[in-house]
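Asks: Below: one structure in structure tokens.
The values are calculated or read from the model by the stated rules, or taken from the named source; none is laboratory data. The model shown is predicted, which means the values in this text are computed figures rather than measured ones. Using ideal geometry, Cβ is built from the backbone for each residue, glycine included, and neighbour counts are taken over all protein chains shown. Surface areas here come from the heavy atoms of the whole protein model, side chains and all, with no ligands, DNA or RNA. Shrake-Rupley method; radii C 1.70, N 1.55, O 1.52, S 1.80 Å.
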Amino acid sequence: ISINSYTEDVSAYHAQIILNAWTKKQRVIFQGLNFVLPWESPSVDKIDLRVELHDVPEETYPSEDAMMDVRYVYTIRPNFSGNNPGDNIILYATYEPNAIKMEGRALFSMLLSDHYRIKPSNQLRNKNEINKLVFEEGHGKDAIAEFEHEHGVDVMIKLEDSDFNAETQKARDIVAKAQSIGEAKTKLVEAGYSPAEAEKVVKMLNLPDSVRENIINVQAEVRGLESLERFSAIIGGGVGDGGGSKHTPKKGGSK
């Protein structure tokens, strides 16, 4: 009956903060049966040491010449190792878990943003290198260590992806396609095609199905248009026209 007055049982993978009613000081006890003074009592609920505050943020940062989509993973855990694990647990317990998580994410995003804005996009594709430069060296390493010390936590953060965002990639694809079309036309001319023939071949290979250039030779006798040599025709095949065609003869038009 009396053992409960001077012991405190802590379950596995948990910690308990004890408050001394006389000195107003706190100390931490860990798993197992612990002896406590009669004027010491638990100050907060038991702390789960297995808890992980984690997230997988997806954010967009501007570089020197492009917008970059970035995805990274981080976990924040209470640090109960080292020389003063009790001090770390007390620090951790003074913050709401969501507050620690939000502060951590703000710090990690700031470090990434500061790195990306001074780099050209061609230097922002190597994830291992970015991890090392942003989180493991210099200012980033010191800032994360300070965050860990202030909150009594251990931080793990890894960059998962870094690539051009959708709009930037679309623009780059257009430029790349234009370059490939020019190279294809040059190779066709070198192979013996005339420039006009090479251009037509490249168009046939690259234009989408909805766009075609048609060359039509028409032999017809139309009263009043005996001197007509060329005409243009708008042939509609879109939604709502039933697949029909509209022909608009114009004297002096182009093929």
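Asks: Condition first: closer than 30 Å to ILE18 by Cα and surrounded by fewer than 13 Cβ atoms within 10 Å (Cβ to Cβ). Can you find one or more residues in the range 98-118 that meet it? Full working, then the answer.
Replies: Going residue by residue through the range 98-118, those that are closer than 30 Å to ILE18 by Cα are 98-104.
Filter once more, keeping what is surrounded by fewer than 13 Cβ atoms within 10 Å (Cβ to Cβ): 98-99.
Yes.
Asks: Same structure, new question: Among ILE29, ILE89, which is the only one that is touching a residue at least 40 places away in the same chain (Cβ under 8 Å) and surrounded by 11 or more Cβ atoms within 10 Å (Cβ to Cβ)?
Replies: Values: ILE29 fails: touching a residue at least 40 places away in the same chain (Cβ under 8 Å).
Criteria check complete, one pass: ILE89.
Asks: Could you look through the range 1-18, keep only residues that are open to solvent by 60 Å² or more (accessible area, probe 1.4 Å) and within 50 Å of the chain's Cα centre (by Cα), and pick out the one that is farthest from SER81 (Cα to Cα)?
Replies: That would be ASP9.
Asks: Across the range 144-177, which residue is modelled with the lowest pLDDT among those that are surrounded by 15 or more Cβ atoms within 10 Å (Cβ to Cβ) and among the small types (Gly, Ala, Ser)?
Replies: The residue in question is SER162.
Asks: Among the residues of the range 116-131, what is the count of those that are within 13 Å of ILE157 (Cβ to Cβ) and either modelled with pLDDT of 95 or more or of a type outside the set (D, E, K, R) (or both)? Spell out the reasoning first.
Replies: Kept after step one, since they are within 13 Å of ILE157 (Cβ to Cβ), are these residues of the range 116-131: 127, 130-131.
Still in the running and either modelled with pLDDT of 95 or more or of a type outside the set (D, E, K, R) (or both): 130-131.
Of the residues in the range 116-131, 2 are within 13 Å of ILE157 (Cβ to Cβ) and either modelled with pLDDT of 95 or more or of a type outside the set (D, E, K, R) (or both).
Asks: If ASP65 satisfies every condition in (1) of a type outside the set (Phe, Trp, Tyr); (2) surrounded by 13 or more Cβ atoms within 10 Å (Cβ to Cβ); (3) under 19 Å from the mean Cα position of the chain (by Cα) but one, which is the exception?
Replies: Of everything listed in (1) of a type outside the set (Phe, Trp, Tyr); (2) surrounded by 13 or more Cβ atoms within 10 Å (Cβ to Cβ); (3) under 19 Å from the mean Cα position of the chain (by Cα), ASP65 misses just condition (2).
Asks: Among the listed residues ASN122, ASN131, which satisfies the condition of being under 18 Å from the mean Cα position of the chain (by Cα), surrounded by fewer than 12 Cβ atoms within 10 Å (Cβ to Cβ) and assigned to a helix (DSSP H, G or I)? It would help to see each step written out before you state the result.
Replies: On the way: ASN131 fails: surrounded by fewer than 12 Cβ atoms within 10 Å (Cβ to Cβ).
Of ASN122, ASN131, the one residue that is under 18 Å from the mean Cα position of the chain (by Cα), surrounded by fewer than 12 Cβ atoms within 10 Å (Cβ to Cβ) and assigned to a helix (DSSP H, G or I) is ASN122.
Asks: Across the range 68-78, which residue is farthest from LEU107 (Cα to Cα) among those that are of a type outside the set (A, V, I, L, M) and open to solvent by less than 40 Å² (accessible area, probe 1.4 Å)? Steps first, please.
Replies: Within the range 68-78, the subset of a type outside the set (A, V, I, L, M) is 69, 71-72, 74-75, 77-78.
From the residues that got through so far, the ones that are open to solvent by less than 40 Å² (accessible area, probe 1.4 Å) too are 72, 74-75, 78.
Details: TYR72: 13, TYR74: 11, THR75: 13, PRO78: 18 Å.
If we take residues in the range 68-78 being of a type outside the set (A, V, I, L, M) and open to solvent by less than 40 Å² (accessible area, probe 1.4 Å), then PRO78 is farthest from LEU107 (Cα to Cα).
Asks: Sticking with this structure for a sec: Looking at the range 9-64 only, could you name the residues that are at pLDDT below 90, closer than 23 Å to ILE100 by Cα and polar (S, T, N, Q)?
Replies: SER43, the sole residue that qualifies.
Asks: Suppose we filter the range 47-76 for residues that are assigned to a strand (DSSP E or B) and among the polar types (S, T, N, Q); how many remain? Please lay out each step first, then the result.
Replies: We begin by selecting, within the range 47-76, every residue assigned to a strand (DSSP E or B); these are 47-48, 53-55, 58-62, 67-76.
Okay, now just the ones that are also among the polar types (S, T, N, Q), so 60, 75.
The number of residues fulfilling the criteria is 2.
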